[in-house]
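Trainee: This is the structure I want to talk about, given as structure tokens.
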Amino acid sequence: MEQKVISNIPEAYRVDQPIPEKEPERQDFFISLCQNYIETNREKGISLTYAIVTFGCQMNAHDSDRMRGILERIGYIEAPEKEADLVIFNTCTVRENANQKLYGHLGQLKPRKKTNPNFMIGLCGCMMQERDVVEKINRSYPFVDFLFGTFNLHRLPELLFARLHENKRMIEVLPEPKEHVEIKGAKRKYPFKSGLNIMYGCNNFCTYCIVPYVRGRERSRTPEDILKEARLLVEDGVTEIMLLGQNVNSYGTNFMEESQIISENPDYGFPDLLADVCKVPGLKRVRFMTPHPKDLSDRLIEVIRDNPKVCRHIHLPVQSGSSEILRRMNRRYTKEQYLALVEKIRKALPDVSLTTDIMIGFPGETEEDFQDTLDVVRKARYDQAYTFIYSRRTGTPAATMEQVPEDVVKDRFDRLLDVVSTIAHERCGRFEGNTVEVLVEEKNAQNPKLLTGRLGNNLLVHFAGEDTLIGQYVKVHLLKSHGFYYTGEIAE
Ligand code: 5AD
Ligand code: SF4
């Protein structure tokens, strides 16, 4: 993949005051300039609104929360996508169908430019790190107002201002991170739970995966920085934190800044960080996403076992059950090693929920390979498995390998789904009749008399209760399992 800066952001703006050079002061400056714009509109009786449409993983969801924080500081008001004056798409490029979805959305939005003179469209996220995509948008979607990548999210205020000021489309995509600027004041969907990035990028280069190309090399934040953010989140009402990284097990291989903790303990790794985050007063639950099976250590299992705050849920992507396919995927574990790890985890943490990602139709996958995958699913007995059809990503090594015919893939995919859902249903049933602590997240979407709570193991339960319980921890009796959720009642 070609690496080059694409940018037409002006160096100088016609503004009265000097523009700060340093971040985050520079973006604070542009936030205040954008605020003027919102204010001027408000004086004319126009309240400008925004919506962010998010595709993809938890990392993107968290980035969207941070952008929402920025837009709210500017003075934009959140609104449904159909009504908003500014719509930003935070894109994903892990699979081809996500790309197609974006182009579909853009086509639908184009007519709104005619009816709403304030209407703007912004694009960001992983897809924008691909040169072909940016060229296509530039050529075929002239109504897109601004576009940026994964390494300059914090520059949203400057880009937005440049777009308003210059009255032409603004594009800025960097091939790699230039500087790291944390964004303060994310606006979360749920005030009581939050993602927390502990690292960025990935060095694993699984042969099917585009992530290392669009998110760059692995970089860890210092423990000091992470713990400070965790404490601030708790002060802001958060009780559940999800630590985020492409492979959390390799946390600590490359720090972005100097760290006292690391200089005193050079072996400090993810298990230490997890234990330290658990010590933050006021925090009730800690989750993490995603560990790679190749380097999930015994020490990590011990830390989970000894810290009740760590949720009993491990997402352990297997991708395939065939050692030969795993070798060609560059996963660096075999079927046997993976199953041994599962056994070790289940032994140490008997009540853990184990979930996974499985990919069907990786180049060269035979029926025998597929049977190995089914075998792993039956032996690991996943509580849930996210199943994907292999999608060819240009620039990755697997793209040039021999592809499996579509009908064969589809047939295997359906057979896999059958096995996965039968087991998930059985697994869900195992807690029926138990009383468990849940975090009440929201009113039930279908039935407003019900609340929805999340168990530590990530399953949901619907039960009758007052809205005032939202954000609280409540003991719920699990009356009935419905395969992938429960119905229950508050325990007296
Ligand atoms: N095709 C299909 N699925 C993919 N994933 C990653 N890359 C691809 C691809 N090229 C899946 C993996 C990963 C999850 C986040 O997405 O299963 O664990
Ligand atoms: Fe992609 Fe593999 Fe890195 Fe996960 S670990 S982001 S699948 S390269």
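The values are calculated or read from the model by the stated rules, or taken from the named source; none is laboratory data. Computed from a predicted model, the values in this text were never measured in an experiment. Note: ideal-geometry Cβ built from the backbone for every residue, glycine included; neighbour counts use all protein chains shown. With ligands, DNA and RNA removed, areas are computed over all heavy atoms of the protein, side chains included. Shrake-Rupley method; radii C 1.70, N 1.55, O 1.52, S 1.80 Å.
Trainee: Short version: ³J(HN,Hα) in whole Hz for each residue of region 444-459, in order, from phi by Karplus 6.51 cos²θ - 1.76 cosθ + 1.60 (θ = phi - 60°), x for Gly and Pro, what are they?
Mentor: 5, 5, 7, 10, x, 7, 9, 10, 10, x, 10, 6, x, 7, 5, 6
Trainee: Let me spell out the model: positive unit charges on the Cβ of Lys and Arg, negative unit charges on the Cβ of Asp and Glu, origin at the Cα centre of the chain. What dipole size does that give, in debye rounded to 20? Can you show the working numbers first?
Mentor: Working: 67 positive and 71 negative charges, 155 e Å.
My answer is approximately 740 debye.
Trainee: Still on this structure, I have one more. Which entries in the list LYS82/LYS110; LYS294/LYS410; LYS228/LYS309; LYS347/LYS379 go over 20 Å, if you measure between the two C-alpha atoms of each? Numbers along the way, then the final one.
Mentor: Working: LYS82/LYS110 12 Å; LYS294/LYS410 29 Å; LYS228/LYS309 18 Å; LYS347/LYS379 14 Å.
The pairs that break the limit, which is 20 Å between Cα atoms, are LYS294/LYS410.
Trainee: Within a Cβ distance under 11 Å of GLU365, other residues only, what is the Lys/Arg minus Asp/Glu net charge? Intermediate results must be reported in sequence, preceding the final value.
Mentor: Values: positive: ARG328, ARG412; negative: GLU324, GLU367, GLU368, ASP369, ASP372, GLU402.
Around GLU365, the charge tally is -4.
Trainee: Moving to a separate point now. Given R₀ = 60 Å, what would the calculated FRET efficiency be for ASP375 paired with LYS82, taking r from the Cβ atoms and rounding to 0.05?
Mentor: On the way: r = 47 Å, r/R0 = 0.78.
Step by step, r from the Cβ atoms, then E = 0.80.
Trainee: Next up: In the chain, which cysteines lack any other cysteine Cβ under 4.7 Å from their own?
Mentor: CYS34, CYS57, CYS92, CYS124, CYS126, CYS202, CYS278, CYS311, CYS428
Trainee: So, counting K/R as plus one and D/E as minus one, what does the shell of residues with Cβ under 12 Å around CYS202 add up to?
Mentor: Numbers: positive: ARG215, ARG217, ARG219; negative: GLU218.
Residues near CYS202 contribute +2 overall.
Trainee: Which cross-chain or sequence-distant (5 or more) residues have an amide H under 5 Å from the amide H of ASN457, H modelled 1.01 Å from N in plane?
Mentor: Amide H to amide H, under 5 Å and 5 or more residues apart or across chains, ASN457 pairs with ARG312.
Trainee: If you don't mind, there's one more thing I want to ask. Do the alpha carbons of any pairs in LYS136/LYS168; LYS187/LYS480; LYS136/LYS187; LYS101/LYS189 sit beyond 25 Å of each other, and which pairs?
Mentor: Values: LYS136/LYS168 17 Å; LYS187/LYS480 35 Å; LYS136/LYS187 32 Å; LYS101/LYS189 23 Å.
Flagged as over cut-off: LYS187/LYS480; LYS136/LYS187.
Trainee: Looking at the chain only, what percent of DSSP beta bridges run antiparallel? Nearest 5 please. Before the final figure, lay out the partial values.
Mentor: Working: 24 of 68 bridges.
DSSP beta bridges in the chain are roughly 35 percent antiparallel.
Trainee: To the nearest 20 debye, what is the magnitude of the charge dipole of region 364-492 about its Cα centre, counting +1 on the Cβ of each Lys and Arg and -1 on the Cβ of each Asp and Glu?
Mentor: Working: 15 positive and 22 negative charges, 72 e Å.
With Lys and Arg at +1 and Asp and Glu at -1, about 340 debye.
Trainee: Another question, if that's okay. Hey, what angle do you get for helix 367-380 against the long axis of the chain, alpha-carbon based, 0 to 90 degrees rounded to 10?
Mentor: Between helix and principal axis, roughly 80 degrees.
Trainee: Something else: Non-local amide H neighbours of LEU86 (under 5 Å, H modeled in plane, Pro and chain starts lacking H): which ones?
Mentor: Amide H neighbours of LEU86, under 5 Å, 5+ apart: THR49, TYR50, ALA51, MET120.
Trainee: May I pose another question? Loop only per DSSP, at most 13 neighbouring Cβ atoms within 10 Å: give me the trypsin sites (Lys or Arg not before Pro) in region 231-338, ordered by residue number. Write down the numbers at each step before the final one.
Mentor: On the way: sites: ARG231, LYS279, LYS284, ARG285, ARG287, LYS294, ARG299, ARG305, LYS309, ARG312, ARG327, ARG328, ARG331, ARG332, LYS335; in loops: LYS279, LYS284, LYS309, ARG312, ARG331, ARG332.
When the trypsin sites (Lys or Arg not before Pro) of region 231-338 are filtered for loop state and at most 13 Cβ neighbours within 10 Å, LYS279 remain.
Trainee: Calculate the dipole size of region 267-415 relative to its Cα centre from +1 charges on Lys and Arg beta carbons and -1 charges on Asp and Glu beta carbons; express the result in debye to the nearest 20.
Mentor: 660
Trainee: Taking the Cβ of HIS292 as the centre, find all other residues whose Cβ is under 12 Å away and add up their charges (Lys, Arg: +1; Asp, Glu: -1). Write down the numbers at each step before the final one.
Mentor: Values: positive: LYS294, ARG331, ARG332; negative: GLU218, ASP295, ASP357.
Once positives and negatives cancel, what remains is 0.
Trainee: Something else now. Decide, for region 263-357, between rounded, prolate and oblate: order the square roots of the alpha carbon gyration tensor eigenvalues as a ≥ b ≥ c, take rounded if a/c falls under 1.5, and otherwise choose prolate if a/b is larger than b/c, else oblate. The partial results should precede the final answer.
Mentor: Working: a/c = 2.35, a/b = 1.66, b/c = 1.42.
Verdict is prolate for region 263-357.
Trainee: Next up: Counting other Cβ atoms within 10 Å, which GluC sites (Glu not before Pro) in region 1-103 have at most 12 and lie in a DSSP loop?
Mentor: Answer in residue order: GLU2, GLU11, GLU21, GLU83.
Trainee: Accessible area per residue for the chain in Å², computed with a 1.4 Å probe and the full protein assembly in place, what is it? Walk me through the numbers on the way to the answer.
Mentor: Details: 22280 Å² over 492 residues.
Heavy-atom SASA per residue in the chain reads 45 Å².
Trainee: Right, here's the next one. Based on alpha-carbon centroids, what's the gap between region 436-462 and region 20-80 in Å, whole number please?
Mentor: So the separation of the two Cα centres works out to 31 Å.
Trainee: GLU441's amide H: which non-local residues (gap 5+, or another chain) put their own amide H closer than 5 Å, with H modeled 1.01 Å from N in plane and none for Pro or chain starts?
Mentor: Here the answer is THR452, GLY453, ARG454, GLY471, since their amide H atoms fall under 5 Å of that of GLU441.
Trainee: Just grab the label-to-label distance for GLU437 and GLN260, each label 7 Å out from Cα along the Cβ direction, in nm (one decimal).
Mentor: Inter-label distance under the simple model: 3.1 nm.
Trainee: If you don't mind, there's one more thing I want to ask. Report, in cubic angstrom per residue, the convex hull volume of the C-alpha atoms of region 376-479. Please list the in-between numbers first.
Mentor: Values: hull volume 17.3 nm³, N = 104.
Normalising the Cα hull of region 376-479 by residue number yields 167 Å³.
Trainee: While we're here: Within region 361-383, find all residues whose amide N lies under 17 Å from a label point positioned 7 Å from the Cα of LYS410 along Cα-to-beta-carbon.
Mentor: 361-362
Trainee: I'd like the Karplus ³J(HN,Hα) series for region 193-204: coefficients 6.51, -1.76, 1.60, θ = phi - 60°, whole numbers in Hz, and an x wherever there's a Gly or Pro.
Mentor: Residue by residue, region 193-204 yields 9, 8, x, 9, 6, 9, 7, 10, x, 8, 10, 7 Hz.
Trainee: Two decimals, Cα atoms only, Kirkwood Rh: what is Rg/Rh over the chain? Mind showing how you got there, number by number?
Mentor: Details: Rg = 23.5 Å, Rh = 24.4 Å.
Radius of gyration over Kirkwood radius for the chain works out to 0.97.
Trainee: Scan region 347-455 for GluC sites (Glu not before Pro) in coil per DSSP, keeping those whose Cβ has at most 10 other Cβ atoms within 10 Å, and list them by number.
Mentor: Working: sites: GLU365, GLU367, GLU368, GLU402, GLU406, GLU426, GLU432, GLU437, GLU441, GLU442; in loops: GLU365, GLU402, GLU432.
Those satisfying the criteria are GLU402.
Trainee: Work out the charge dipole of region 189-260 with +1 on the Cβ of Lys and Arg and -1 on the Cβ of Asp and Glu about the Cα centre, then indicate which of THR253, SER220, ASN203 is farthest towards its positive end.
Mentor: Checking the options against the dipole of region 189-260, the answer is ASN203.
Trainee: For the chain, build the charge dipole from Cβ charges (+1 Lys, Arg; -1 Asp, Glu) around the Cα centre, then report which of ALA380, HIS315, SER421 sits farthest towards its positive end.
Mentor: Selected residue: SER421.
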